[in-house]
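The values are calculated or read from the model by the stated rules, or taken from the named source; none is laboratory data. All of these numbers come straight from a predicted model, not from anything done at the bench. No Cβ is skipped: glycine too gets one built from the backbone with ideal geometry, and neighbour counts run over all protein chains shown. Please note that ligands, DNA and RNA were not included when accessible areas were found on the heavy atoms of the full protein model with its side chains. Shrake-Rupley method; radii C 1.70, N 1.55, O 1.52, S 1.80 Å.
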Amino acid sequence: MSAGLLDIAGLNRHFPIRNVWGRRTGWLRALDGVSLSIARGEILGIVGESGCGKSTLGKTVAGIHPPTSGSVHFEGHEIATLSPSAGRAVRRNLQYCYQDPGASLDPRWKIGRSLEEPLIVHTDMGGAERRARVLETLRAVNLPERHLELYPHEISGGQQRRVGLARILMLRPSLVILDEPTSGLDVSVQAVVLNLLLELREKFDLTYVFISHDLSVVRLFSQRIAVMYLGRVVEIGATEAVFAAPAHAYTQSLLAAVPIIGGRRVVDNFVLEGEPPSAGNVPAGCRFAPRCPRADGRCRAEDPPATMMDDGRLVNCHHPAG
Ligand SMILES: Nc1ncnc2c1ncn2[C@@H]1O[C@H](COP(=O)(O)OP(=O)(O)O)[C@@H](O)[C@H]1O
Ligand SMILES: [Mg+2]
């Protein structure tokens, strides 16, 4: 077994599909055998089309959804099967951050109270210690002390986002799952948020899972990248290696859809056609075969296992490029 900070193996999360009378007619396989590891201090990017299971992966790992089956090993504990109460202590170190963490602040509470609350609930810190931790965290997200006395509606959306981030960091987690942290922001604001995230990572020794559908942001920000398709990781490896020579046909087509300014595209490639099939009706064989220009009879019959390439990359494909 690898000794990453987080090791996920064969993780499944299936949602029931019901007809109008409430009868279950099938299963939607939002996560369908996800395996990956993350080393301490790393930033792992997760990319893939909308609906491929990125958020479900983040929420299942963080314990917001129970997994259907599979293993989640975090800091030496198997957490997929822990009861909610036993899991709570372990999960303090593992935080999931919604796209806009500021939106979940309680509008009736002053910022200071919102920040202090996780410490009251989860620690036995005294008042002075809590106050010191609140101040330190507020400063780390570059907000002034006077904000502690303000209500969420009295500060800007960008400042609310910083407070939300500070709240997530109050218990000093080791792993933070950032779900689309820059989507919906102007490019200039995106840069500010990304820089802040990098500063916080330095200051608090954080490991990030960085979920985004924006490949150019992921390329800048993450050292490794996992490409998801229909609930499965289909390619995972060093970001530069994947961008330089994507091996899975799906990764190739995703990258071909990213505009490159002032340069020729490395992959001279086809563009993805059609919508991804529904996670309620995953194709037999390789799940990408119906959209894949390289697919043959074997691809339509056999689900490809993860194969290791020369550079250590894992690719689920019968005919990887390179
Ligand atoms: N609570 C839920 N109940 C039923 N289906 C869900 C639920 N959450 C997500 N799904 C389905 O699971 C699939 C993956 O969704 P999601 O993880 O949100 O994708 P992404 O974040 O990559 O856009 C989608 O088909 C979505 O409709
Ligand atoms: Mg999502």
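What's the total number of residues in segment 67-99 that are without any contact (Cβ under 8 Å) to a residue 40 or more places away in the chain and under 17 Å from Arg13 (Cβ atoms)?
Qualifying residue count, segment 67-99: 7.
Specify which of the listed residues (His77, His73) is in contact with an Asp or Glu (Cβ under 7 Å, 6 or more places away or on another chain) and either within 15 Å of ligand 1 (Cβ to nearest atom) or of a type outside the set (Gly, Ala, Ser) (or both).
His73
Quick one: what pairs do we get from segment 190-218, first residue more than 16 Å from ligand 2 (Cβ to nearest atom), second among the aromatic types (Phe, Trp, Tyr) and open to solvent by less than 10 Å² (accessible area, probe 1.4 Å), C-beta under 9 Å, 6+ apart or different chains?
Qualifying pairs under 9 Å: Leu197/Tyr208; Leu197/Phe210; Arg201/Tyr208.
For residues in segment 38-69 being within 18 Å of Ser212 (Cα to Cα) and among the hydroxyl-bearing types (Ser, Thr, Tyr), which is modelled with the lowest pLDDT? Quick ask: steps written out before the conclusion?
Of segment 38-69, the ones within 18 Å of Ser212 (Cα to Cα) are 38, 42-62.
Okay, now just the ones that are also among the hydroxyl-bearing types (Ser, Thr, Tyr), so 50, 55-56, 60.
Details: Ser50: 89, Ser55: 96, Thr56: 97, Thr60: 94.
Applying the filter and picking the extreme gives Ser50.
Search segment 174-189 for residues being more than 17 Å from Arg40 (Cβ to Cβ) and not charged (D, E, K, R), and hand back the single one that is nearest to ligand 1 (Cβ to nearest atom).
This residue is Ser183.
Limited to segment 38-62, what total is found for residues that are away from ligand 2 (no atom under 14 Å from the Cβ) and open to solvent by 40 Å² or more (accessible area, probe 1.4 Å)?
Looking only at that region, the number is 2.
Considering only segment 1-58, state which residues are touching a Leu at 6+ places or on another chain (Cβ under 7 Å), part of a loop (DSSP other than H, G, I, E, B) and near ligand 1 (Cβ under 8 Å from one of its atoms).
Cys52, Gly53
Six or more apart or on different chains, Cβ under 7 Å: which pairs go from a residue in segment 100-113 that's within 13 Å of Ile168 (Cβ to Cβ) to one that's part of a loop (DSSP other than H, G, I, E, B)? Could you list them?
Every condition considered, the pairs that remain are Ser104/Tyr98.
Which one is nearest to Leu196 (Cα to Cα) among residues in segment 131-151 that are in contact (Cβ under 8 Å) with a residue 40 or more places away in the chain and out of contact with any Phe, Trp or Tyr (no Cβ under 8 Å at 6 or more places or on another chain)?
Among those that are in contact (Cβ under 8 Å) with a residue 40 or more places away in the chain and out of contact with any Phe, Trp or Tyr (no Cβ under 8 Å at 6 or more places or on another chain), it is Val141.
Looking at His73, His77, His65, which one is within 16 Å of ligand 2 (Cβ to nearest atom) and either more than 24 Å from Leu254 (Cα to Cα) or basic (Lys, Arg) (or both)?
After ruling out the rest, the residue left standing is His65.
Step by step: first the residues of segment 59-70, then only those that are touching a Leu at 6+ places or on another chain (Cβ under 9 Å) and in a helix (DSSP H, G or I), then the one that is farthest from ligand 1 (Cβ to nearest atom). Which residue is that?
If we take residues in segment 59-70 being touching a Leu at 6+ places or on another chain (Cβ under 9 Å) and in a helix (DSSP H, G or I), then Val61 is farthest from ligand 1 (Cβ to nearest atom).
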